[in-house]
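Okay, structure first, notes after.
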Amino acid sequence: MRQASALRAATPLFVFLTVLSSACGAQEKPAAGAGAGKGWVPLPSGGRLYYEVAGTKGDTIVVPGAVFWESALAPLAQNHTVIFYDLLGRGRSDTASASRIAMDSIVADLETLRKFFRVDRMNLVGVSVNGLVTAAYAAAYPDRVARLALVNPIAPTAESQSSYHPPERTARIDSSAQRELMRLRESGGSREAVCRQFWKASGGWFVGDRAAASRLNPTWCTVPNETVDASLLWLGYLSSASGSWDLTAPAHSIKAQTLVVRAERDYFANPEGGKAWAAAIPGARLLTLPGLGHLAVFEKPDAVITPLQEFLAGKWPAGAAAP
């Protein structure tokens, strides 16, 4: 898959994770018996993907990153069947070696999940880093995706993402919480305590209004597989490989109706990356959320959920326009 192989060094993502270590066609519903509720999808190459299925209505939506987004995006299950799953090496899915954590394999895993549930065509929702995963899949399997929603996605090019250094990243660190984070690390604090303290210190990065950082509840810190080592392993191949990624050309082959949602005050993913995705994907529309940050779905849920519901129901949300 040339488009999947186009991903290479991810310096900004690695920097973020290092900080953490330092601190509309007809669609089929999942076949009956092919994994209702929750369970694991066995992979031909070894290991299992953890999944949870919510809702029983309408068409099928697949969302990577269950450990982060299952609760936040639960309202989508009101009118759809939503399959949340964790990528291999993350969340409740099995761990994996560094050689197994590569974008070609990640895209192939999603295709295995689609076949497991016997879904002919599906909708994809990719938030943050998972925007790369869903866009890469939609480019590699254009006939399998009906609608694609990218929410504050990482930029389609390494240059756009790596050149993004907003001063708010430093200005919004809680220095007192940061000192406690360092103390916990030095004293051998538990993995969960260190994880939660990181979000207490750095939550201001991820919201538009600093006061909204108090709304972040990092429940993912309780999941044993959500360690810093697992995070670095999953993205390590990006940071250690030479070259850079550029999914601009592969994005031209995406056939799915696409909505790109970007937050005006996203201090992690470059908001210009959202505009670039919308420009690269044929017919895509761009929706900008004023005043919100990277984790807008936690900061102001309705601002994200409402347009996603409208889009997945076949309507362009108000404010969505060509880039």
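Tabulated values for the structure
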{"item": "Electrostatic dipole magnitude of region 247-289 [Cβ: Lys, Arg +1; Asp, Glu -1; Cα centre; debye, to 20]", "result": "140 debye"}
{"item": "Reduced Cα scattering model of region 99-199, Debye log10 I(q)/I(0), q = 0.18 Å⁻¹", "result": "-0.93"}
{"item": "Region 108-153 - percent of accessible surface contributed by carbon and sulfur, probe 1.4 Å", "result": "44 percent"}
{"item": "Rounded Å value of the spacing that divides the Cα centres of region 185-216 and region 119-137", "result": "27 Å"}
{"item": "Full-extension gain in nm, Ala74 to Arg185, via 0.36 nm per residue minus C-alpha separation", "result": "36.6 nm"}
{"item": "Shape of region 253-313, Cα gyration tensor, a/c cut at 1.5", "result": "oblate"}
{"item": "Region 244-323, relative contact order [Cα under 8 Å, separation at least 6], %", "result": "31 percent"}
{"item": "Peptides 276-282, 145-151 ordered by average Cβ neighbours within 10 Å, highest first", "result": "145-151, 276-282"}
{"item": "Listed peptides 127-133, 177-183 by packing density, highest first (mean Cβ within 10 Å)", "result": "127-133, 177-183"}
{"item": "Average accessible area per residue (Å²) across region 243-323 - probe 1.4 Å, nucleic acids and ligands excluded", "result": "39 Å²"}
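The values are calculated or read from the model by the stated rules, or taken from the named source; none is laboratory data. Not measured: the values here are computed from a predicted model. In this analysis, Cβ positions are derived from the backbone assuming ideal geometry, glycine residues included, and neighbour counts consider all displayed protein chains. All accessible areas refer to the heavy atoms of the entire protein, side chains included, with ligands and DNA or RNA removed. Shrake-Rupley method; radii C 1.70, N 1.55, O 1.52, S 1.80 Å.
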